[in-house]
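Participant: Dropping a structure here in structure tokens format, bear with me for questions.
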Amino acid sequence: MEQILAAIQAGASGDELAAIPIPESYRAAFVQRDETEMFEGVESSEKDPTKSIHVDHVPTPALAPDEVYIAVMASSINFNTVWTSIFEPLPTFGFLDRLARESEIAQRHSQPFHVIGSDASGVVLRVGEAVRNWKPGDRVTVHCNHVDDQDHSAHNDSMLASNQRIWGFETNYGGLADLSVVKANQLMPKPTHLSWEEAAVNALCNSTSYRMLVGENGANMKQGDSVLVWGATGGIGGYAIQYVLNGGGTPIGVVSSPERAKLLNDMGCEAVIDRRAEGYRFWSDEHTQDESEWRRFGKKIRSLTGEDPDIVFEHPGRSTMGASVFAVKRGGTVVTCAATSGYMVEFDNRHFWMKLKKLISSHFANYEESWAANKLIDQGRIHPIMSDVYSLDQVGEATLAMHRNQAEGKLGVLCLAPGEGMGVDDPEKRDRIGEDKITRFRNM
């Protein structure tokens, strides 16, 4: 990998990169099959990813005809990194074993280790014999929708495919490594004005937010819509705020500190609710929600925008779903993904059915949606929300920070890239777009 890095830094051609041997092993962050019970009896909040995530060499897998090897310059931490590292809601090795049963080449994924990570930016090193649109030397970002295009169910919306998976979570050989194996239909052009780490943090969360709000598979947001966004400076919320602003809507951002509220104001979001300052208690006890708190929340929203929200961008799950369904306007839409506060949600169906509200589920994005979201990044209309950068050796510490809600936006991870700020292909474009917009989350 050192020879490959030196060649990339020297501006080697694709042919020159293709002539360098692929190493038999490479450095990666992974969890181990024989440690899946290490946190048994420990509360979720007390589980420590620094104990379960290892960084060491793993053997390089063979390449399938529809795959490429990429030199991973940078990656990022996502919430599925947390889930994998604390083995909740269940260990991911079951996913790998199910994938391994699909074909002979898929057996590579069932290993004593699971290389994690669902984001990456890097350089193509080799392409399988069936790959047509990519070649060695291409500078790329990677989206995490892993799907077999031989399955008929993948050809309307690939997120509905029976064998759809999230790369680096439900597959092995993810992006938190110096090398990775990805399907060719996961590749997208690297935005030319961004560094490796800035380009690496976007694909999963940015694409997720795009599908939830913009695409026809989600809320199908229109100009003028008011959109309530929970966790509005977090991994997907920070992109959601930008999509509402970019699409001519009015965002209402919900955050938990004055510092986060100021960051939203700096982004152009004027309507902000500091839920901690307001002291909302949507649950009066473990089993009972408090409708009076829903009403107080709805009144606060109307005091800021003059109306109930057309759309609620929902992802905390159990702690907020009752309030979200109540607060959205008559005929409005709650669009939901994930459930970081718990997946067993409750809401009052009377307020839902009698006011003709809609609840839409969403999960990541298909290739077309991911490509469109990446294009908006490349055009400088949507910006990275990276707040900090770690080394590959610090993946455990970065995952712990996300687990404990100690980080804003996205956390970048340098893999092969030896330092920050490298990989910008078009500095003039970067100047036109504006350093302050690109690095806003770094400067908060």
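The values are calculated or read from the model by the stated rules, or taken from the named source; none is laboratory data. Keep in mind that this is a model prediction, so the values were computed, not measured. A quick note on method: Cβ atoms are made from the backbone with ideal geometry, for glycine too, and the neighbour counts reach across all protein chains shown. Side chains are part of the model used for accessible areas, which takes the heavy atoms of the whole protein and leaves out ligands, DNA and RNA. Shrake-Rupley method; radii C 1.70, N 1.55, O 1.52, S 1.80 Å.
Participant: Would the range 143-151 turn up any residue that is in contact (Cβ under 8 Å) with a residue 12 or more places away in the chain, more than 25 Å from Gly423 (Cβ to Cβ) and open to solvent by less than 30 Å² (accessible area, probe 1.4 Å)?
Facilitator: yes
Participant: Residues in the range 303-310: is at least one buried (at least 22 other Cβ atoms within 10 Å of the Cβ) and not β-branched (Val, Ile, Thr)?
Facilitator: yes
Participant: If you don't mind, another one. Which of the residues belonging to the range 247-283 are over 16 Å from Ser341 (Cβ atoms) and either among the β-branched types (Val, Ile, Thr) or open to solvent by 50 Å² or more (accessible area, probe 1.4 Å) (or both)?
Facilitator: Once the filter is applied, which keeps residues that are over 16 Å from Ser341 (Cβ atoms) and either among the β-branched types (Val, Ile, Thr) or open to solvent by 50 Å² or more (accessible area, probe 1.4 Å) (or both), the range 247-283 yields Thr250, Ile252, Pro258, Glu259, Lys262, Asn265, Asp266, Glu270, Val272, Ile273, Ala277, Glu278.
Participant: May I pose another question? Might you let me know whether the range 135-142 holds any residue that is open to solvent by 40 Å² or more (accessible area, probe 1.4 Å), touching a Lys or Arg at 6+ places or on another chain (Cβ under 6 Å), in contact (Cβ under 8 Å) with a residue 12 or more places away in the chain and not acidic (Asp, Glu)?
Facilitator: Yes: the range 135-142 contains one or more residues that are open to solvent by 40 Å² or more (accessible area, probe 1.4 Å), touching a Lys or Arg at 6+ places or on another chain (Cβ under 6 Å), in contact (Cβ under 8 Å) with a residue 12 or more places away in the chain and not acidic (Asp, Glu).
Participant: How many of the residues in the range 115-145 are part of a loop (DSSP other than H, G, I, E, B) and not basic (Lys, Arg)?
Facilitator: Qualifying residue count, the range 115-145: 15.
Participant: What pairs can you find where one residue is in the range 222-238 and touching a residue at least 12 places away in the same chain (Cβ under 8 Å), the other is in a loop (DSSP other than H, G, I, E, B) and of a type in the set (Phe, Trp, Tyr), and their Cβ atoms are less than 9 Å apart, with a gap of 6+ or different chains?
Facilitator: If the second residue must be in a loop (DSSP other than H, G, I, E, B) and of a type in the set (Phe, Trp, Tyr), the pairs left are Thr233/Phe441; Gly237/Trp230; Gly238/Phe441.
Participant: Here's another thing I want to ask about it. Which one is farthest from Val131 (Cα to Cα) among residues in the range 40-93 that are surrounded by fewer than 19 Cβ atoms within 10 Å (Cβ to Cβ) and of a type in the set (Val, Ile, Thr)?
Facilitator: Val42
Participant: Please go through the range 1-39 and give me each residue that is open to solvent by less than 30 Å² (accessible area, probe 1.4 Å) and free of Cβ contacts under 8 Å to residues at least 24 places away in the same chain, ordered by number.
Facilitator: Ala7, the sole residue that qualifies.
Conditions (1) crowded, with 21+ Cβ neighbours inside 10 Å; (2) within 21 Å of the chain's Cα centre (by Cα); (3) part of a loop (DSSP other than H, G, I, E, B), marked per residue:
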position: Ala323; (1), (2), (3): yes, no, no
position: Val335; (1), (2), (3): yes, yes, no
position: Thr340; (1), (2), (3): no, yes, yes
position: His351; (1), (2), (3): no, no, no
position: Ala365; (1), (2), (3): yes, yes, yes
position: Asp388; (1), (2), (3): no, yes, no
position: Asp393; (1), (2), (3): no, yes, no
position: Leu411; (1), (2), (3): yes, yes, no
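Participant: In the range 261-320, what count of residues is obtained for those that are of a type in the set (D, E, K, R) and part of a loop (DSSP other than H, G, I, E, B)?
Facilitator: 8
Participant: Same structure again: Contact list please: Cβ distance under 8 Å, first residue in the range 187-201 and closer than 14 Å to Leu416 by Cα and modelled with pLDDT of 95 or more, second residue assigned to a loop (DSSP other than H, G, I, E, B) and acidic (Asp, Glu), pairs at least six apart or on different chains.
Facilitator: Ser195/Glu420; Glu197/Glu420; Ala200/Asp119
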